[in-house]
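> One structure, as structure tokens, below. Some questions next.
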Amino acid sequence: MTNGLRAAAAGMNVQLRKQDVHANNLSNAATPGFRRSEITVGSSAFREALAETVSMPGAEIVRVDVTPGPVRETGSDYDLAIDGEGLFALQTDRGLRYTRDGRFQRAADGRLLSASGHSVMGRDGPIALPGSEFLVSERGQVFSEGQFVDDLFIAEFDLEDGLRREEDGLFAADLGPRMAAEPRIRQGFVEEANVSVVREMAQMMSGFRAFEASAAALRQTDDTLGRLIDSALA
């Protein structure tokens, strides 16, 4: 009987966590380059939950959906979008981090910076422009003032490399990336979030119904257990 209580409570906790993930996706629907997250829970998670106290199932996995988002033309030379797979590599105080947000700018000292102020990485290190002119070929070759500067470091990962989102929206990886052999870059475009508002709302409504079903099962199990206790004490 107590297993029923634990299973229902575990189901409610999972649905609450899913609601948090969908809500975060929705709040970033207008964030350039944002990648939605999705949560999956295997059946083994509930078996683990039954053997422990009421808690979040241990097999819960939050994954980043790497499906490309739509691109929007801006006309700015400093806006870049990746056509296909890959991430821009940035140098941060925490080490290399990655993003699909290609809104870049040139610092006073010539460094190419991301919207968050991090240096954009090329094959040979942080990219520095000798002048304000900024041209990028389809293959990611950077030119400025008639000079070849560097190749953009477009990072590619395998799914098992553990790509995870950090608080500032940048991605970290458990393993180092490989540089894309043939990247495709679109200059004058930015990539929008790969979030469908309709899809996220529909999944939130489905999750709410699942939460209500688990809550009803919890109440029913609790009532049944209460009646059994009352009968035993009578």
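The values are calculated or read from the model by the stated rules, or taken from the named source; none is laboratory data. Being a predicted model, the structure only gives us computed values, none of them experimental. Cβ: placed from backbone, ideal geometry, glycine included. Neighbour counts: every protein chain shown.
> Out of everything in the range 180-191 that is within 17 Å of G102 (Cα to Cα) and among the aliphatic types (A, V, I, L, M), what residue ends up being surrounded by the fewest Cβ atoms within 10 Å (Cβ to Cβ)?
Residues of the range 180-191 within 17 Å of G102 (Cα to Cα): 180, 183-191.
Next, only the ones that are among the aliphatic types (A, V, I, L, M) stay: 180, 185, 190.
Details: A180: 21, I185: 23, V190: 23.
Out of the qualifying residues, it is A180.
> Going by the conditions given, is G122 on the phi > 0 side of the Ramachandran plot and touching a strand residue (DSSP E or B) at 6+ places or on another chain (Cβ under 8 Å)?
Numbers: on the phi > 0 side of the Ramachandran plot: no; touching a strand residue (DSSP E or B) at 6+ places or on another chain (Cβ under 8 Å): yes.
Taking the combined requirement at face value, the residue does not satisfy it.
> Of all residues in the range 59-94, which are touching a strand residue (DSSP E or B) at 6+ places or on another chain (Cβ under 8 Å) and without any contact (Cβ under 8 Å) to a residue 24 or more places away in the chain?
A59, I61, listed by residue number.
> Looking at the range 103-139, which of the residues that are under 19 Å from R178 (Cα atoms) and within 24 Å of the chain's Cα centre (by Cα) is surrounded by the fewest Cβ atoms within 10 Å (Cβ to Cβ)?
The extreme case among them is S119.
> Would you check which residues across the range 141-160 are closer than 16 Å to V66 by Cα and either touching an Asp or Glu at 6+ places or on another chain (Cβ under 6 Å) or modelled with pLDDT of 90 or more (or both) and list them?
Keep residues of the range 141-160 that are closer than 16 Å to V66 by Cα, which gives 154-160.
Across the range 141-160, the qualifying residues are I154, A155, E156.
> Would you point out the residue of the range 71-128, among those that are small (G, A, S) and either in a strand (DSSP E or B) or in the same structural domain as T31 (by TED's automatic domain parsing) (or both), that is modelled with the lowest pLDDT? Show your work before the answer.
First pass over the range 71-128, keeping only residues small (G, A, S): 75-76, 81, 84, 86, 89, 95, 102, 107-108, 110, 114-117, 119, 122, 125, 128.
Now restrict to residues that are either in a strand (DSSP E or B) or in the same structural domain as T31 (by TED's automatic domain parsing) (or both): 81, 89, 95, 119, 122, 125, 128.
Working: A81: 97, A89: 97, G95: 93, S119: 97, G122: 97, G125: 96, A128: 97.
Out of the qualifying residues, it is G95.
> Filter the range 164-201 down to the residues that are out of contact with any helix residue (DSSP H, G or I) (no Cβ under 9 Å at 6 or more places or on another chain) and among the hydrophobic types (A, V, I, L, M, F, W, C) and list them by number.
L170, F171, A172, M179, A180, A181, I185, F189, V190, V198
> Mind counting the residues in the range 192-212 that are surrounded by fewer than 12 Cβ atoms within 10 Å (Cβ to Cβ) and in contact with a His (Cβ under 6 Å, 6 or more places away or on another chain)?
0
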